[in-house]
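The values are calculated or read from the model by the stated rules, or taken from the named source; none is laboratory data. Keep in mind that what you see is a predicted model, and the values were worked out from it rather than measured. When we count neighbours, we look across all protein chains shown, and the Cβ atoms used for this are built from the backbone with ideal geometry, even at glycine.
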Amino acid sequence: MLTQALLVDDSRSVLNFLKRHIEAEGLVEATTFLDPVAALACARERVFDLVLVDYEMLHMDGISFIRTLRTLPGCADIPIAMITSRQTDDVKMEALQAGATDFLPKQPQSVEMTVRLRNLIQLGAAVRKLNDRAAHLASEVAAATRKLGEREEEIILRLALAVEYRDNDTGEHTLRVARYSRIIAEQLGLPVRLCRDIYLAAPLHDVGKVAIPDNILLKPGRLTDAEMAVIRTHAMIGAHILADSGCELIQLGAQIAAGHHERWDGAGYPNGLKTDEIPVAARVVAVADVFDALTTRRQYKEPMPLEVARNYLVENQGRQFDPACVEAFLSRWDEVVEIAAGQQAAPFQRAEATPAPGMERAVEGRPANDRSPEAVSLA
């Protein structure tokens, strides 16, 4: 590929001489301009490897030209030589401060000009190769980062699905909670990266259930107060499983696991946190988790109509839920309805879990067929 040179001088004879001289060995393709303003406009649209500019020109001097050129994308590192017959220290210092790389004497057929031009051409080609290599490496890094992100997402979702296999769920609960959580995070105006991380970490909210004994987790009948206390340990167990990770995403998952059953009024568990003491990610997932629990079919209950579940969130904002999270969730109600309607469209196919016999259980002394929101959202 030929080195691309930009030549700027308000003398046509000088431009013609420079063009012939710089293209003589067939390694350079030169673009010439008499007007420095037009040359800058061209540099905004094209990438050049080398620039030669006269010091004294109409409309704009060479130093102002160089200073402006250095601010353009792709022009920070390219070699720029100023052509001048004024070789005073003041001029040279000002040009160097503006971003000049070298100076060329305004003396046609000068041996010095020939040598300096050859060096500048070689430097321009070398800088282009370095920039091309850097762009290639950046592209490879970006592609590798995307792949890592995709694998990260898949690993987390599959881990969450493994937990739900034990809980006799459909496996789609974690995916819907993730999508609902992203809606809330986005509407809260959280940073883009945090919205993504909440979406990825939300499926880990119930990972602590892997440590709950089967005779309690899968009990078909009424849960005693003692058994309910065991169920509630899943929040801290999940936090302990995910704690001390070097991965920021897993650390966020630990916050969510520990805090998604805390309440805005402080009456939740495991730590009785309230309002802003609860990490924002946990407050987001709390709304998403309870809404999905209310509106989906479980072995022990029928789904609640979406509007009824919506009313439950509204009635309990400021008590169970962060009011801002509820408002954010409901502000994109059409998307919520769409996600809820696509309950069978999960991206991972899995075998149907075998329901435990008589899976109509109760909690905290409620009847086994109790389908109230309070009963559904306790554990």
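Each row is one residue, and each column tells you yes or no for (1) outside the structural domain of A286 (by TED's automatic domain parsing); (2) touching a helix residue (DSSP H, G or I) at 6+ places or on another chain (Cβ under 7 Å); (3) under 26 Å from K301 (Cα atoms).
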residue: R196; (1), (2), (3): no, no, no
residue: A202; (1), (2), (3): no, yes, yes
residue: M236; (1), (2), (3): no, yes, no
residue: D244; (1), (2), (3): no, no, no
residue: L249; (1), (2), (3): no, yes, no
residue: H261; (1), (2), (3): no, yes, yes
residue: G266; (1), (2), (3): no, no, no
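Here is a check on your reading of the model: is P73 within 46 Å of the chain's Cα centre (by Cα) and surrounded by 18 or more Cβ atoms within 10 Å (Cβ to Cβ)?
no
Which is surrounded by 10 or more Cβ atoms within 10 Å (Cβ to Cβ), within 22 Å of I339 (Cβ to Cβ) and touching a Phe, Trp or Tyr at 6+ places or on another chain (Cβ under 8 Å), of A201, A178, A160?
Result: A178 is the single residue among A201, A178, A160 that is surrounded by 10 or more Cβ atoms within 10 Å (Cβ to Cβ), within 22 Å of I339 (Cβ to Cβ) and touching a Phe, Trp or Tyr at 6+ places or on another chain (Cβ under 8 Å).
Being modelled with pLDDT of 75 or more and either part of a helix (DSSP H, G or I) or not hydroxyl-bearing (S, T, Y) (or both) is the filter; apply it to segment 98-114 and report the residue that is farthest from C75 (Cα to Cα).
Top of the filtered list is P105.
Is it fair to say R283 is of a type in the set (K, R), buried (at least 20 other Cβ atoms within 10 Å of the Cβ) and either assigned by TED's automatic domain parsing to the domain that holds I184 or out of contact with any Leu (no Cβ under 7 Å at 6 or more places or on another chain) (or both)?
yes
When you check R86 against the structure, is it surrounded by fewer than 15 Cβ atoms within 10 Å (Cβ to Cβ) and either at pLDDT 90 or above or of a type in the set (K, R) (or both), yes or no?
Criteria met by R86.
Would you please list the contacts, defined by Cβ atoms under 6 Å and residues six or more apart or on different chains, that run from a residue in segment 2-29 that is part of a helix (DSSP H, G or I) to a residue that is at pLDDT 90 or above and hydroxyl-bearing (S, T, Y)?
Here the result reads L15/T32; K19/T32, each pair linking segment 2-29 to a residue that is at pLDDT 90 or above and hydroxyl-bearing (S, T, Y).
Answer with yes or no whether L190 is surrounded by 17 or more Cβ atoms within 10 Å (Cβ to Cβ) and assigned to a loop (DSSP other than H, G, I, E, B).
yes
Please count how many residues of segment 201-228 are touching a Lys or Arg at 6+ places or on another chain (Cβ under 9 Å), assigned to a helix (DSSP H, G or I) and among the aliphatic types (A, V, I, L, M).
Of the residues in that region, 3 qualify.
Between residues in segment 284-298 that are under 15 Å from Y312 (Cα atoms) and residues that are of a type in the set (F, W, Y), which pairs lie under 7 Å by C-beta distance while being six or more apart or on different chains?
Partner pairs satisfying both residue conditions: A286/F321; V287/F321; V287/F329; A288/Y180; F291/Y180; D292/Y180; L294/Y312.
Report whether or not S64 is without any contact (Cβ under 8 Å) to a residue 60 or more places away in the chain and loosely packed, with under 12 Cβ neighbours inside 10 Å.
no
Within the set of pairs 6 or more residues apart or between chains, which connect a residue that is closer than 17 Å to T295 by Cα inside segment 309-333 to a residue that is of a type in the set (S, T, Y) with Cβ atoms less than 7 Å apart?
Pairs found: A309/T295; F329/Y180.
Does segment 38-61 hold any residues that are surrounded by 13 or more Cβ atoms within 10 Å (Cβ to Cβ) and outside any strand (DSSP E or B), and which are they?
Listed by number, the residues that qualify are A39, L40, C42, A43, V47, F48, D49, Y55, E56, M57, M60, D61.
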